[in-house]
1. What is the residue count in region 199-238 for residues that are away from ligand 2 (no atom under 16 Å from the Cβ), open to solvent by 50 Å² or more (accessible area, probe 1.4 Å) and either at pLDDT below 85 or more than 30 Å from Gly164 (Cα to Cα) (or both)?
2. Which is farther than 23 Å from Arg248 by Cβ and at pLDDT 85 or above, of Asp36, Asp68, Asp61, Asp46?
3. Phe113 versus (1) aromatic (Phe, Trp, Tyr); (2) over 24 Å from Ser130 (Cβ atoms); (3) at pLDDT 85 or above: which is the lone unmet condition?
4. Taking only region 337-365 into account, find how many residues are open to solvent by 90 Å² or more (accessible area, probe 1.4 Å) and either outside any helix (DSSP H, G or I) or not assigned by TED's automatic domain parsing to the domain that holds Pro302 (or both).
5. Of the conditions (1) touching a residue at least 40 places away in the same chain (Cβ under 8 Å); (2) in contact with a strand residue (DSSP E or B) (Cβ under 6 Å, 6 or more places away or on another chain); (3) more than 16 Å from ligand 2 (Cβ to nearest atom); (4) assigned to a loop (DSSP other than H, G, I, E, B), Glu241 fails just one. Which one is it?
6. Are any residues in region 160-195 under 19 Å from Ser127 (Cβ atoms), in a loop (DSSP other than H, G, I, E, B) and either within 16 Å of ligand 2 (Cβ to nearest atom) or among the aromatic types (Phe, Trp, Tyr) (or both), and if so, which ones?
7. Residue under question is Val157, and the condition is that it be open to solvent by 30 Å² or more (accessible area, probe 1.4 Å), within 16 Å of ligand 2 (Cβ to nearest atom) and not small (Gly, Ala, Ser); does it hold?
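The values are calculated or read from the model by the stated rules, or taken from the named source; none is laboratory data. This is a predicted model, so every value here is computed, not measured. Here Cβ is always computed from backbone atoms with ideal geometry, including for glycine, and neighbour counts include all displayed protein chains. Please note that ligands, DNA and RNA were not included when accessible areas were found on the heavy atoms of the full protein model with its side chains. Shrake-Rupley method; radii C 1.70, N 1.55, O 1.52, S 1.80 Å.
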Amino acid sequence: MAEKRDYYEVLGVERNADADTIKKAYRKAAIKYHPDKNPGDKEAEDKFKEAAEAYDVLSNDDKRARYDRFGHAGMNGAGGAGGFGGFSGGGFSMEDIFEQFGDIFGGAFGGGFGGFGGGRSRQPRQSRGSDIRVTVKLSLKEIAEGVTKKLKINKTVACSKCGGTGAKDSASYATCSRCNGSGYIVTVQDSFFGRMQTQSVCPECHGTGKVIKNKCEQCGGEGTERGQEVIEVNIPKGVAEGMALTVRGRGNAARQGGVNGDLIVVIEEEHNPELVRDGNDLAHTLNITVTTAILGGEVEVPTIEGRVRIKIAPGTHAGKVLRIRGKGLPDVNGRGRGDIKVLVDITIPGELTKEERSLIEKLAEQPNFKQPEKVENQNILERMKSFFRG
Ligand SMILES: [Zn+2]
Ligand SMILES: [Zn+2]
């Protein structure tokens with residue numbers, strides 16, 4: 001699949017565009033590339049879908065915030081098309097678009113003036129099950145390596161007796177008498193603009209065009225029942241708190257064999273007291289003794305893979321930042337790995353034995369331990385700031 005274009009670029013709006021601007025931009029694009037205006041034009045169809053996908057994300061505050069923060073990776077958890085089993089690479093079918101954004105065409109399409117869109121929207125529509133949101137807590141190690149989680153989900157599933165149709169048997173159906181099987185009801189109104197036709201979904205058959213004469217006894221005709229499913233979710237490495245991965249079609253089942261909802265897996269990070277996440281970097285505060293600070297030495301620091309020993313140079317000041325390159329978290333888009341930033345702090349003993357006190361007092365008389373006239377060290381506050389800036 002070709003590299004995905006930036007959603008703002010697709011709609012031709014600024015990154016800070018408001019909801020109204022985004023809606024207008026999408027409407028313009030949708031009308032320009034509408035399949036009824038560009039029959040058989042594959043490029044127009046792709047552009048039409050691309051615009052719908054961009055609008056889907058940018059018109060939703062939650063999705064837009066995620067996109068702003070994580071880019072396309074934040075939308076489906078996958079860096080590319082289908083790279084991680086279980087996640088769809090985003091993308092819409094034409095049906096999805098008309099289902100979700102049909103109203104944006106207003107009078108121009110969707111059957112309003114009878115000229116456009118008639119044939120397309122007359123297909124019987126299917127009901128859709130609701131989405132299920134679950135939270136998955138991950139350790140740093142799981143985030144670093146990627147992980148497959150088996151999630152036990154309580155959900156609506158297809159009725160085990162009728163297989164989801166809601167009917168007793170295949171002879172139980174009759175054509176809906178209200179809409180004569182079309183699934184739609186057409187009303188004609190006289191208005192200022194002349195005669196207007198409006199289509200709406202048949203309330204009797206919910207757009208299927210069929211009604212069930214003999215209902216399944218187990219589900220009472222709904223086609224669903226409560227159940228449980230164990231779903232394996234592949235979580236790519238480098239994900240972050242708040243990212244959501246969509247597993248298409250694994251949400252709640254719809255009534256009478258419609259389209260399943262999605263399973264949305266929201267990532268939560270387990271708190272790690274030693275390694276604090278800062279983007280793809282990890283921050284660790286290291287306490288060393290006064291003597292190690294002065295004389296240098298080797299100390300242990302935690303990494304995702306376990307503890308490692310690092311060298312402390314003689315004369316190390318508090319506030320110094322040591323970097324362990326490439327030991328941070330992998331980038332979710334596959335762009336390398338972050339570092340571990342180690343912030344040095346010096347532990348000063350609170351209580352001293354008699355002997356220690358006399359040694360320190362002796363030390364204090366030595367020339368290198370006198371209060372300097374001019375402080376050469378960078379201000380500790382500045383060091384702290386540069387630590388957090390990276
Ligand atoms: Zn049933
Ligand atoms: Zn009907």
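1. Residues flagged as away from ligand 2 (no atom under 16 Å from the Cβ), open to solvent by 50 Å² or more (accessible area, probe 1.4 Å) and either at pLDDT below 85 or more than 30 Å from Gly164 (Cα to Cα) (or both) within region 199-238 amount to 1.
2. Working: Asp36 fails: at pLDDT 85 or above; Asp61 fails: farther than 23 Å from Arg248 by Cβ; Asp46 fails: farther than 23 Å from Arg248 by Cβ.
None of the others qualify; the one that does is Asp68.
3. Single failed check for Phe113: (3).
4. 4
5. All conditions pass for Glu241, except number (1).
6. Selection gives Gly166, Cys176, Arg178, Cys179, Gly181, Ser182, Gly183.
7. Values: open to solvent by 30 Å² or more (accessible area, probe 1.4 Å): yes; within 16 Å of ligand 2 (Cβ to nearest atom): no; not small (Gly, Ala, Ser): yes.
Criteria not met by Val157.
Residues checked against (1) over 30 Å from Ile153 (Cβ atoms); (2) free of Cβ contacts under 8 Å to residues at least 24 places away in the same chain; (3) part of a strand (DSSP E or B):
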| residue | (1), (2), (3) |
| --- | --- |
| Pro273 | yes, yes, no |
| His284 | yes, no, yes |
| Asn287 | yes, no, yes |
| Ile294 | yes, yes, no |
| Arg309 | yes, yes, yes |
| Thr316 | yes, no, no |
| Gly326 | yes, yes, no |
| Val332 | no, no, no |
| Pro372 | yes, yes, no |
